[in-house]
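J.: Handing you this structure, nothing more for now.
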Amino acid sequence: MSTFPVRPWRAPRWLGPGLVAAGLAGSCTGPSTHLDNPGRHVCFVDGRLERRTELPFRYYGTSRVDALPADLASEPDWSLQPSSQAVPMPPPASPWLFPFDFPIELVRRMLLGREDTAVVIALRPTPPELRVQPEIRPIGLEQVDERARAARIAR
């Protein structure tokens, strides 16, 4: 029976710092989007209802934030118009710099910090000619009411 010399396995010198760098790079998050909604309006981000005020990073490009007026005492608020706005999220480095775009992004984030995007939800008032008047009653409602009372009494 022959014995082979068993050597203990040694990790390369770059493995430790490489694992630390990979852990740090993987733990960083992209820029988040903050929704400033003082009127508590109903908000949709890219078509999905969002109740959070801080959204995590999703992608670079343009998102769309839509807002509907909040109800007042369980009644629709017709004094404000719905709004829609595009929110650009520019990439930190040009994609033409591949494969150097990621290191550039890490260095830029380390030096300048994370560039979050803030969106203020502000709805415009409805013009007077488009407002719905809740106190307008249909013409002839009194005659319909009288006929209904007469029909009820006649039963």
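FYI, it's all coordinate maths here, none of it is from the lab. Values in this document were obtained by computation on a predicted structure and should not be read as measured data. We place every Cβ from the backbone using ideal geometry, glycine too, and count neighbours over all the protein chains shown.
J.: Got a sec? Charge dipole of region 31-130, +1 on Cβ for Lys and Arg, -1 for Asp and Glu; which of F44, L72, P125 is way out at the positive end?
T.: F44
J.: Please build a GNM for the chain, connecting alpha carbons under 10 Å apart, and tell me which residue among A11, A118, A67 fluctuates the most.
T.: Result: A11 has the largest fluctuation of those listed.
J.: Which residue fluctuates the most in the chain, going by a Gaussian network model with Cα springs under 10 Å, if the choices are L141, L49, L72?
T.: L141
J.: Order by neighbour count: M89, M110, fewest other Cβ atoms within 10 Å first, most last.
T.: M110, M89
J.: Within 10 Å of each residue's Cβ, count the other Cβ atoms and sort S74, S63, S84 from fewest upward. Mind showing how you got there, number by number?
T.: Numbers: S74 5, S63 17, S84 9.
Ascending Cβ contact count within 10 Å gives the list S74, S84, S63.
J.: Counting only residues 5 or more places away or on other chains, whose amide H sits under 5 Å from the amide H of V42 once H atoms are built in the peptide plane?
T.: Sorted by chain and number, the residues that satisfy this are L68, A70.
J.: Let me ask something additional. Residue-wise, which Karplus ³J(HN,Hα) couplings in Hz belong to region 11-16, taking 6.51 cos²θ - 1.76 cosθ + 1.60, θ = phi - 60°, and x for glycine or proline?
T.: Each residue's phi maps through the Karplus curve to give 6, x, 5, 7, 5, x Hz.
J.: Based on the Cα atoms of region 74-117, what semi-axes does the equivalent ellipsoid have, where each is the square root of 5 times one gyration tensor eigenvalue, given in whole Å with the largest first?
T.: Working: eigenvalues 316, 33, 8 Å².
Three semi-axes, in Å: 40, 13, 7.
J.: Please give the FRET efficiency for D116 paired with R48, using the beta carbon to beta carbon distance and R0 = 22 Å, rounded to the nearest 0.05. Please list the in-between numbers first.
T.: Numbers: r = 20 Å, r/R0 = 0.89.
Given R0 = 22 Å and the Cβ-Cβ separation, E is 0.65.
J.: List the trypsin sites (Lys or Arg not before Pro) within region 52-130 that DSSP assigns to loop and that have no more than 15 neighbouring Cβ atoms inside 10 Å.
T.: Numbers: sites: R52, R58, R64, R108, R109, R114; in loops: R52, R58, R114.
Of the trypsin sites (Lys or Arg not before Pro), the ones in loops of region 52-130 whose Cβ has at most 15 other Cβ atoms within 10 Å are R52, R58, R114.
J.: Might you report the magnitude of the Cβ-based charge dipole of the chain about its Cα centre, with Lys and Arg at +1 and Asp and Glu at -1, to the nearest 20 debye? Write down the numbers at each step before the final one.
T.: Values: 19 positive and 17 negative charges, 161 e Å.
Dipole about the Cα centre, nearest 20: 780 debye.
J.: While we're here: Between V107 and H34, what is 0.36 nm times their sequence separation minus the Cα-Cα distance? Round to one decimal in nm.
T.: On the way: separation 73, 0.36 × 73 = 26.28 nm, distance 2.35 nm.
Length gained between V107 and H34: 23.9 nm.
J.: What residues from region 96-133 fall in the zone where the backbone N is under 17 Å from a label point 7 Å along the Cα-to-C-beta line of W78?
T.: Within reach of a label on W78, which here means backbone N under 17 Å from a point 7 Å along Cα→Cβ, region 96-133 contributes 125-133.
J.: Now a separate question. Looking at the chain, identify the longest residue range that excludes and avoids all chymotrypsin sites (Phe, Trp or Tyr not before Pro) in DSSP loops having at most 12 other Cβ atoms within 10 Å. It would help to have the intermediate numbers written out before the result.
T.: Values: sites that count: W9, W14, Y59, F100.
Here the longest segment lacking exposed loop sites spans 101-155.
J.: A further question on this structure: Just one of (1) 17.5; (2) 22.0; (3) 17.9 is Kirkwood radius over Cα pairs in Å as worked out from the coordinates here. Which one is it?
T.: Step by step, Kirkwood radius over Cα pairs in Å for this structure corresponds to label (2).
J.: Under a GNM of the chain (C-alpha, springs under 10 Å), which listed residue has the highest mean-square fluctuation: P82, P99, P69?
T.: Among P82, P99, P69, the largest GNM mean-square fluctuation belongs to P99.
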